[in-house]
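Step one of this worksheet: look at the structure below.
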Amino acid sequence: MSVQMNIVTAKARLSELVARAEAGEEVILSRNGKAVARIVPIPRRPEGPRALGLWSHLGPMTDPDMFLRSCAELAAGEEILPRK
């Protein structure tokens, strides 16, 4: 179900319209009888475990001390992250 309301009326009832949109109702704002905007809820992220870290998709690090080594040592050594 949807509700259409003039912008002037919507100003006075904004809290109510936001609550209705959060409940899943479509709220359309109109000016001079023409639809100009829609109030929709922001999608929520699914609850549950998330992968930590920007590079977590690469797997575990083989060298936990990599941040303590110099760039020259890293360039000459073994791979830090395993290839899949």
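Observations on the structure shown:
- Output for segment 1-20, where each listed residue is loosely packed, with under 13 Cβ neighbours inside 10 Å and in contact with a strand residue (DSSP E or B) (Cβ under 7 Å, 6 or more places away or on another chain): Ser2, Asn6, Ile7
- Counting the residues of segment 21-36 that are over 12 Å from Ser2 (Cβ atoms) and either surrounded by 12 or more Cβ atoms within 10 Å (Cβ to Cβ) or touching a residue at least 60 places away in the same chain (Cβ under 8 Å) (or both) gives 1.
No lab work stands behind these numbers, since they all come straight from the coordinates. Remember, predicted model here, so these are calculated numbers, not experimental data. Glycine gets a Cβ as well: all are built from the backbone with ideal geometry, and neighbour counts include every protein chain shown.
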